[in-house]
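Below is one structure, written out as structure tokens, with a few remarks after it.
The values are calculated or read from the model by the stated rules, or taken from the named source; none is laboratory data. Small disclaimer: the values here were computed from a predicted structure and weren't measured. Virtual Cβ from ideal backbone geometry, glycine too; neighbours counted across all protein chains shown. The area values use the complete protein model at the heavy-atom level, side chains included, leaving out ligands, DNA and RNA. Shrake-Rupley method; radii C 1.70, N 1.55, O 1.52, S 1.80 Å.
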There are 2 protein chains.
Amino acid sequence: MISGKFAITIHILTLLTKYPNDFLSSEYIAGSINLNPVLVRKEIANLKAHHIVESKEGKNGGTKLSVDPSKITLKEIFEMTFETINLGYAKNQPNPDCPVGKKINQNLSSLYADMNQKVSLQLEGISLEDFSNQF
Amino acid sequence: MISGKFAITIHILTLLTKYPNDFLSSEYIAGSINLNPVLVRKEIANLKAHHIVESKEGKNGGTKLSVDPSKITLKEIFEMTFETINLGYAKNQPNPDCPVGKKINQNLSSLYADMNQKVSLQLEGISLEDFSNQF
DNA sequence: TACATTTGTAACATATTTTATTACAGTATG
DNA sequence: CATACTGTAATAAAATATGTTACAAATGTA
């Protein structure tokens, strides 16, 4: 999994929104992000799985948006990248004999769930078109 | 830097809140978190720098809260751990000749700033005491 | 048809970040 | 003065993220 997936994905989608009629190659996109084309293709594979872009193989191939950028929000993009807001958990099984250790992850989970809800509400209000218009 | 700093710090502070009259050793705290005591001491060093805990060296030493847990909020704790909500940036200098590459980080920054504001508002409403009372 | 170009994907390599360990000087307690 | 702590640096190990190479399959075009 790529972290910073969201940032990369937004970058890709913004480019596709700017050139809605062209199939952009992963090489071209990678040139704008300054990232390895293979990583770009991996993120595109994810977007394809969510049916928001389509690719054409072979010569003059590439990728283009397959949805209306005014119809998709940053919240959906956020969710497509499998990202969630969280500030970490106790990774090493905390001590179950300690009242705090026993419940810490559960309580953090519920805190993070609330954080995600707040952020989702915000992201829901921003369409890909809105975001792209800033450029 | 420790990631999951927030989670570790909250864990430490919750324990200290539960035993407000004792100096807890880093070994004891590490036992609840199931983490290396040195890492616990590093996080405590940070808390000390923010004057919210105090430590005693030597035999029977340890750490205790030095503030009223009803007076400190998760927002302050969040900020003490130097964490911010962000979903990544273009790390490799994106292409400045591309209108998107040129502004992507700036636009992401501003998006993330809004996210942080939303989250901060939420965390501001939860005191350390509130959080600890869940255990 | 043959060639060039591009996606799709796997396998592997490198770099970065996190987490853990070891070590030991300094400090308080009894 | 022995013991049990903190404080901190140096180092090691593990985990994660990112980059590279390679190549099959697809597709447009000369």
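Structure summary
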item: Chain B: most fluctuating residue of B:Ala49, B:Ala30, B:Ala90 per GNM, C-alpha cutoff 10 Å; result: B:Ala90
item: For chain A, built as a Gaussian network whose Cα springs stay under 10 Å, the top-fluctuating residue of A:Gly61, A:Gly101, A:Gly125; result: A:Gly101
item: Share of Cα-Cα pairs in segment B:5-133 lying beyond 22 Å, as whole percent; result: 46
item: Zone of B:Lys59's modelled label, taken as backbone nitrogen in segment B:21-44 under 19 Å from a point 7 Å along Cα→Cβ; result: B:23-28
item: Sequence of B:Phe135, B:Phe23, B:Phe6 from largest to smallest accessible area, 1.4 Å probe; result: B:Phe23, B:Phe135, B:Phe6
item: With DNA, RNA and ligands ignored, accessible area of B:Lys42 (1.4 Å probe; Å², nearest 10); result: 120
item: With every protein chain in place, chain A: carbon and sulfur % of accessible area (1.4 Å); result: 48
item: For segment B:14-23, 3J(HN,Hα) per residue [Karplus equation, 6.51 cos²θ - 1.76 cosθ + 1.60, θ = phi - 60°, Hz, x = Gly/Pro]; result: 5, 4, 4, 5, 5, 10, x, 9, 10, 8
item: Estimated translational D of segment B:83-135 in µm²/s (Stokes, Kirkwood radius over Cα pairs; 25 °C; 0.890 mPa s); result: 183
item: Table column - 3J(HN,Hα) (Hz), segment B:96-113, Karplus curve with 6.51, -1.76, 1.60, x for Gly and Pro; result: x, 8, 9, x, 6, x, 5, 10, 4, 5, 4, 6, 5, 3, 5, 4, 5, 4
item: Over 27 Å (Cα to Cα) - which of B:Lys5/B:Lys103; A:Lys48/B:Lys118; A:Lys5/B:Lys102 fall in this group; result: B:Lys5/B:Lys103; A:Lys48/B:Lys118
item: Simple label model, 7 Å out from Cα along Cβ direction - B:Lys42 to B:Gln106, nm; result: 3.6
item: Of B:Asp22, B:Asp97, B:Asp114, the one that fluctuates the most in a GNM where chain B has Cα springs shorter than 10 Å; result: B:Asp97
item: Loss of accessible area when A meets B, both sides summed, Å² nearest 100, probe 1.4 Å; result: 3700
item: Using a 7 Å Cα-to-Cβ projection, A:Asp68 label spacings across copies, nm, ascending; result: 5.7
item: Label 7 Å beyond Cα on the Cβ vector: B:Leu39 copy-to-copy distances, nm; result: 2.5
item: Cα-centred dipole magnitude for chain B, charges only on beta-carbon of K, R (+1) and D, E (-1), debye, nearest 20; result: 320
item: B from A by rotation - nearest chain A beta carbon to the axis, in Å; result: A:Lys118, 2
item: Copy-to-copy label separations for A:Ser110, where each label sits 7 Å from Cα toward Cβ, in nm and ascending; result: 3.8
item: Point-charge dipole on Cβ atoms (K/R +1, D/E -1) for the protein assembly as shown, about Cα centre, debye to 20; result: 540
item: Cβ-derived FRET efficiency at R0 25 Å, A:Asn34 paired with A:Thr84, nearest 0.05; result: 0.40
item: For the protein assembly as shown, convex hull of alpha carbons as volume per residue, Å³; result: 134
item: Distance from segment A:33-80 to segment A:2-32 (C-alpha centre basis), Å; result: 7
item: Rounded accessible area of B:Tyr28 (nearest 10 Å², 1.4 Å probe); result: 110
item: Solvent-accessible area per residue for the protein assembly as shown (1.4 angstrom probe, square angstrom); result: 50
